[in-house]
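Structure, as structure tokens:
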Amino acid sequence: MPSVELNKPVPDFEAPATGDQTIRLDNLKGQNVVIYFYPKDNTPGCTTEGQDFRDRMKEFEELDTVILGVSRDGLKAHENFRAKHEFPFHLISDKDEALCNLFDVIKLKKLYGKEYMGVDRSTFLIDKDGVLTAEWRSVKVKGHADEVLEAVKAL
């Protein structure tokens, strides 16, 4: 499957999520969708990023925008992470990396001198018609949720 492209419709996908949900992109048409990919539940940057989106959730909702977090963690880890930090949005488990590959976020990374394939922190904004209108790759967490909120306001 080819990866997503800016200003083009995002192919429909289906993925398991917290709260016993199956998220289907086509079911979200008519709302803006922010999908953010992060490396791992309960790590400092990923926790802060989730909290920043959580703390702006009311503003996103007023702009008719759904937020979805995605990582390769399983649903049990996601449920615990979501409950612990009171995230009002669902987390998608992408163990088979289907979404990671669709959005092309698996990159070669380095940690303590070791190289491995990991999730590049990235965020995507899909408008009410299902078109990818903005993307942020190799995201720095500080100020990121505000940047995404401004982009939604500009739609």
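The values are calculated or read from the model by the stated rules, or taken from the named source; none is laboratory data. Model, not experiment: these values are computed from the prediction. We place every Cβ from the backbone using ideal geometry, glycine too, and count neighbours over all the protein chains shown. What goes into the accessible areas is simple: the full protein's heavy atoms, side chains included, and nothing from ligands, DNA or RNA. Shrake-Rupley method; radii C 1.70, N 1.55, O 1.52, S 1.80 Å.
Considering each residue of region 91-113 in turn, none proves to be surrounded by 14 or more Cβ atoms within 10 Å (Cβ to Cβ), more than 26 Å from Ala151 (Cα to Cα) and touching a residue at least 12 places away in the same chain (Cβ under 8 Å). Tyr116 meets the conditions (1) open to solvent by 70 Å² or more (accessible area, probe 1.4 Å); (2) farther than 25 Å from Pro16 by Cβ; (3) in a strand (DSSP E or B); (4) not basic (Lys, Arg) in every case but one. The failed one is (2).
Among the numbered conditions (1) open to solvent by 40 Å² or more (accessible area, probe 1.4 Å); (2) part of a strand (DSSP E or B), the only one that Phe124 does not meet is (1).
Among the residues of region 112-124, is there at least one that is more than 12 Å from Val34 (Cβ to Cβ) and aromatic (Phe, Trp, Tyr)? Yes, because at least one residue in region 112-124 is more than 12 Å from Val34 (Cβ to Cβ) and aromatic (Phe, Trp, Tyr). Can you spot a residue in region 126-141 that is over 13 Å from the mean Cα position of the chain (by Cα), among the hydroxyl-bearing types (Ser, Thr, Tyr) and within 19 Å of Leu25 (Cβ to Cβ)? Scanning region 126-141 turns up at least one residue that is over 13 Å from the mean Cα position of the chain (by Cα), among the hydroxyl-bearing types (Ser, Thr, Tyr) and within 19 Å of Leu25 (Cβ to Cβ). Scanning region 29-55 for residues that are more than 19 Å from Trp136 (Cβ to Cβ) and open to solvent by less than 30 Å² (accessible area, probe 1.4 Å) gives a single hit, Asp41.
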